[in-house]
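The values are calculated or read from the model by the stated rules, or taken from the named source; none is laboratory data. Predicted model only: the values in this text are computed from it and were never measured. Positions of Cβ are generated from backbone atoms using ideal geometry, with glycine treated the same way; all protein chains shown enter the neighbour counts. Accessible surface areas use protein heavy atoms only, side chains included; no ligands, DNA or RNA. Shrake-Rupley method; radii C 1.70, N 1.55, O 1.52, S 1.80 Å.
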Amino acid sequence: LIFLDLDHFKRVNDSLGHSIGDELLRAVADRLNSVVRDVDTLARLGGDEFIIALPGIHAQAAAEVARRLLEVCASPFSVAGHDLIVTPSLGISLYPDDGRDFESLLRNADIAMYRAKDSGRNSIRFFNADMQTRAEAHALLLQDVRRAIAQNEFTLHYQPQVDGDARLCGIEALVRWQHPEQGLVMPGAFISAI
């Protein structure tokens with residue numbers, strides 16, 4: 001299963017309007033459809049997300065289809081007098097290793113697609129178990145951060161800034177999390193969840 005999301009599609013809707021965004025989605029769907037086989041299923045999941053079910057296909061063939069999907073989206077789309085460039089990020093999950101039912105395959109392909117986005121967009125990532133572990137850890141961290149905000153566990157610390165002559169030239173305001181079990185948590189451990 002391939003999960004495809006268009007990078008920065010919201011910019012098209014925001015700058016040119018939803019009707020042009022809808023035309024762009026139709027043009028993208030036409031190009032995607034040119035890559036898939038008759039036995040494959042291409043569906044728009046919602047917004048700018050598409051899924052492609054590739055029955056009876058192995059990893060190498062799925063990677064080739066994904067590469068061709070990137071390729072067909074590489075040239076500009078001519079929509080209502082605009083030449084628009086949108087790139088896709090793709091996540092791939094394989095049956096039965098990555099899931100034995102549609103929901104599992106969809107969830108895992110979605111996780112892999114977000115890794116493709118995190119890796120710079122316009123790329124392909126296969127799902128692996130580490131991605132699931134990271135996604136679960138991120139969800140728990142986000143939940144913990146929300147609880148910490150409600151419990152007023154964040155504190156503000158001030159740090160002086162000095163110049164080369166050891167003179168005070170400024171003050172930096174830093175947020176710290178006073179976690180009830182972990183103690184003082186530095187921002188690098190939680191900023192990504194916010």
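Tally the residues that are free of Cβ contacts under 8 Å to residues at least 24 places away in the same chain and of a type in the set (Val, Ile, Thr), restricting the search to segment 58-114.
Residues that pass the stated criteria total 1.
Quick grid of which residues meet (1) within 19 Å of residue 44 (Cα to Cα); (2) small (Gly, Ala, Ser); (3) in contact with a strand residue (DSSP E or B) (Cβ under 9 Å, 6 or more places away or on another chain):
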site	(1), (2), (3)
78	no, yes, yes
84	no, no, yes
88	yes, no, yes
105	yes, no, yes
122	yes, no, yes
137	no, yes, no
145	no, no, yes
148	no, yes, yes
166	no, yes, no
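Out of the residues in segment 133-147 meeting the condition of being of a type in the set (A, V, I, L, M, F, W, C) and surrounded by 15 or more Cβ atoms within 10 Å (Cβ to Cβ), tell me which one is nearest to residue 111 (Cα to Cα). I'd like the intermediate steps shown before the answer.
Residues of segment 133-147 that are of a type in the set (A, V, I, L, M, F, W, C), as a first pass: 135, 137, 139-142, 145.
Filter again for surrounded by 15 or more Cβ atoms within 10 Å (Cβ to Cβ), leaving 135, 141, 145.
On the way: 135: 7, 141: 16, 145: 21 Å.
Taking the candidates together, the pick is 135.
From the set of residues in segment 154-182 that are under 14 Å from residue 144 (Cβ atoms) and out of contact with any Phe, Trp or Tyr (no Cβ under 6 Å at 6 or more places or on another chain), which is least open to solvent (accessible area, probe 1.4 Å)? Walk me through how you get there before you give the answer.
First, pick out the residues of segment 154-182 that are under 14 Å from residue 144 (Cβ atoms): 154, 177-182.
Narrowing further to those that are out of contact with any Phe, Trp or Tyr (no Cβ under 6 Å at 6 or more places or on another chain): 178-182.
Working: 178: 92, 179: 10, 180: 90, 181: 160, 182: 126 Å².
Taking the candidates together, the pick is 179.
Can you pull out the residues in segment 77-103 that are open to solvent by 20 Å² or more (accessible area, probe 1.4 Å) and over 20 Å from residue 117 (Cα atoms)?
The answer is 78, 80, 81, 82, 83, 95, 96, 97, 100, 101, 102, 103.
Can you list the strands (runs of 3 or more DSSP E) lying wholly within segment 108-194 that have 1 or more residues being within 15 Å of the chain's Cα centre (by Cα), among the aromatic types (Phe, Trp, Tyr) and at pLDDT 90 or above?
On the way: elements: 124-126, 154-162, 168-179, 183-185.
Where strands (runs of 3 or more DSSP E) fall fully within segment 108-194 and carry at least 1 residues being within 15 Å of the chain's Cα centre (by Cα), among the aromatic types (Phe, Trp, Tyr) and at pLDDT 90 or above, they are 124-126.
Could you count how many residues in segment 22-46 are in contact (Cβ under 8 Å) with a residue 24 or more places away in the chain and under 16 Å from residue 79 (Cβ atoms)?
6
Kindly list the number of the only condition in (1) open to solvent by 50 Å² or more (accessible area, probe 1.4 Å); (2) over 18 Å from residue 4 (Cβ atoms); (3) of a type in the set (S, T, N, Q) that fails for residue 122.
Result: residue 122 fails condition (2) only.
Yes or no, residue by residue, for (1) within 17 Å of residue 82 (Cα to Cα); (2) surrounded by fewer than 17 Cβ atoms within 10 Å (Cβ to Cβ); (3) of a type in the set (Val, Ile, Thr):
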residue: 5; (1), (2), (3): no, no, no
residue: 8; (1), (2), (3): yes, yes, no
residue: 18; (1), (2), (3): yes, yes, no
residue: 28; (1), (2), (3): yes, no, yes
residue: 33; (1), (2), (3): no, yes, no
residue: 55; (1), (2), (3): no, yes, no
residue: 61; (1), (2), (3): no, yes, no
